[in-house]
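**Student:** Pasting a structure below so you can have a look.
What follows draws every value from the coordinates through simple rules; no lab data is involved. Keep in mind that this is a model prediction, so the values were computed, not measured. With ideal geometry, Cβ positions are generated from the backbone for all residues, glycine too; neighbour counts draw on all protein chains shown.
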Amino acid sequence: MENTQSIISRKPHLLRDKTFQFAVRIVRLYKYLSKDKKEFVLSKQVLRSGTNPGAMVREALNAESNLDFVHKLGIAQKETGETQYWLELLFTSNYLTESEFRSLFQDSEEIMKLTRSTILTKKKNMAIKVTLLIIAVVATANFIL
């Protein structure tokens, strides 16, 4: 079977790729929890929230506007936080070993930091554009007067 990376040949994008790889790990976790541990409720929750950030990042990359981009990434950030909750609960309930938990949680923390940074950078760039637009409007108004 052909490697997924060779099938989906595309330009690298750190946040998109990390959220996708995290989603793959979450799907594998779900399979493990449901098959080996016979846990069906928490595993569904972590499956839903843990795969959503990747979907939201994909939607953000195809956003209709800068505000839509920020909104979609905001949802990704919230879903990552929710996933962290379910991972903590699974660990505390002894469904995950400490090493399994730490590995998954570390990945989620990296995604959280990348998402926050991307949101803040986009908002900063949007604010700069608005400021420049206001300056241009004021300058034009002063020129006309």
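**Student:** Count neighbours as other Cβ atoms within 10 Å of each site's Cβ, and list the chymotrypsin sites (Phe, Trp or Tyr not before Pro) in the range 29-109 that are DSSP loop with at most 15 such neighbours.
**Tutor:** The qualifying sites are F40.
**Student:** Do any trypsin sites (Lys or Arg not before Pro) in the range 36-110 lie in a loop, going by DSSP, with at most 11 other beta-carbon atoms within 10 Å of their beta carbon, and if so which?
**Tutor:** Here the sparse-neighbourhood loop sites are K38.
**Student:** Follow-up question, since we're still on this one. First measure r as the distance between the Cβ atoms of S99 and S34, then evaluate 1/(1 + (r/R0)^6) with R0 = 22 Å and state the FRET efficiency to the nearest 0.05. Show your work: numbers first, answer last.
**Tutor:** Numbers: r = 21 Å, r/R0 = 0.93.
Calculated value: 0.60.
**Student:** Here's something else I'd like to know. Which entry in (1) 11.5; (2) 8.9; (3) 9.7 matches mean projected area of the Cα convex hull in nm² derived from the coordinates of this structure?
**Tutor:** The value matching this structure is (1).
**Student:** Sticking with this one: Charges at C-beta only: +1 for Lys and Arg, -1 for Asp and Glu. How large is the resulting dipole of the chain about its Cα centre, in Debye rounded to 20?
**Tutor:** 220
**Student:** Helix 41-61 versus the longest principal axis of the chain: what angle, 0 to 90°, nearest 10, using Cα atoms?
**Tutor:** Long axis of 41-61 versus the principal axis of the chain: about 30 degrees.
**Student:** Through the Karplus equation 6.51 cos²θ - 1.76 cosθ + 1.60, θ set to phi - 60°, convert the phi angles of the range 124-137 into ³J(HN,Hα) values in whole Hz; use x for Gly and Pro.
**Tutor:** These are the phi-based 3J(HN,Hα) values: 4, 5, 5, 5, 5, 5, 5, 4, 5, 5, 5, 4, 5, 5 Hz.
**Student:** Using +1 at the Cβ of each Lys and Arg and -1 at the Cβ of each Asp and Glu in the chain, identify which of T51, I144, V70 lies farthest towards the dipole's positive end.
**Tutor:** So the residue furthest toward the plus end is I144.
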